[in-house]
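The values are calculated or read from the model by the stated rules, or taken from the named source; none is laboratory data. What you see is a predicted model; the values in this text were computed from it and never measured. Here Cβ is always computed from backbone atoms with ideal geometry, including for glycine, and neighbour counts include all displayed protein chains.
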Amino acid sequence: MTICLRVFVLLTLLSNLSLNFSIIYQYFLKYRCISLWFEIQMLLSENQNDQSPIVDSVNTEKLGITGFSMGGAGTILAANNLGDKIAAAMPLNAFSPAPLTTTTPALFVTGTLDRVAVPGRVEAVYDQLENTEKALANFSDFGHSITRPGDFESDISSYTVSWYQIHLADHPGYLPWFTGDEVAQDQEAGIFESGRFEYIDVQ
């Protein structure tokens, strides 16, 4: 609650000063990136804290990060900064994303009806990414509403959960969502008909 209030007040003040939107955006993007970085550091610290309820329960070699909209763009920046400390990244409907410069396996989720985080920009960042395992799920007729997915909840959850099961839990049983019958059935059903699905494994 406190953080949300501070963010709202800061945005209001900056708007009253008539600053360029790009300046405001860069500030909040950096905030999202730093926030993810601190959350990872806190998780690692609590894992070593004898008084913590999660002491020694975190696999520090299997950490993943994700975020939505500006948080999706912040996820990319955080992955770039954290490098091999992260086992998987998942930017969701990333707003005006920067290039991903690490080899962290990444799943990009977007939708053809997203008018906020334009899917073309997400796809451009995805297409530029080389020498790493990556996947793109651009759902047909899905907008900027992953926090309220509605009819898309089951479909989106299938891919996002599977990505983390594969990379954080070493569970190959979820690969069919990217390389086998499950994704083939979804493609046949038209889930990506006006969008795009792609999975590339460099191994």
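At a glance:
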| item | result |
| --- | --- |
| So R115, is it within 19 Å of S69 (Cβ to Cβ), surrounded by fewer than 12 Cβ atoms within 10 Å (Cβ to Cβ) and in contact (Cβ under 8 Å) with a residue 12 or more places away in the chain | yes |
| Residue match in the stretch 145-152 (condition: within 15 Å of D201 (Cβ to Cβ), surrounded by 14 or more Cβ atoms within 10 Å (Cβ to Cβ), without any contact (Cβ under 8 Å) to a residue 40 or more places away in the chain and within 16 Å of the chain's Cα centre (by Cα)) | no |
| Residue among A124, A135, A98 that alone is of a type in the set (G, A, S) and buried (at least 18 other Cβ atoms within 10 Å of the Cβ) | A135 |
| Flag for Y199 being more than 25 Å from T60 (Cα to Cα), surrounded by 15 or more Cβ atoms within 10 Å (Cβ to Cβ), of a type in the set (F, W, Y) and touching a Leu at 6+ places or on another chain (Cβ under 7 Å) | no |
| Residue count, the stretch 134-157 (criterion: at pLDDT 90 or above and outside any helix (DSSP H, G or I)) | 11 |
| Out of G173, G190, G143, G195, sole residue that is among the small types (G, A, S) and at positive phi | G190 |
| Long-range neighbours under 7 Å by Cβ, at least six apart or interchain, first residue closer than 17 Å to E133 by Cβ within the stretch 190-203, second surrounded by 12 or more Cβ atoms within 10 Å (Cβ to Cβ) and among the aromatic types (F, W, Y) | Y199/F178 |
| Residue satisfying condition, being outside any loop (DSSP other than H, G, I, E, B) and among the hydrophobic types (A, V, I, L, M, F, W, C), within set L107, L100, L113 | L107 |
| Hits in the stretch 170-193 - residues which are loosely packed, with under 14 Cβ neighbours inside 10 Å, of a type outside the set (D, E) and either in a loop (DSSP other than H, G, I, E, B) or under 18 Å from the mean Cα position of the chain (by Cα) (or both) | H171, G180, G190 |
| Checklist (1) surrounded by fewer than 19 Cβ atoms within 10 Å (Cβ to Cβ); (2) in a helix (DSSP H, G or I); (3) in contact (Cβ under 8 Å) with a residue 12 or more places away in the chain; (4) of a type in the set (G, A, S) applied to S162, failing item | (1) |
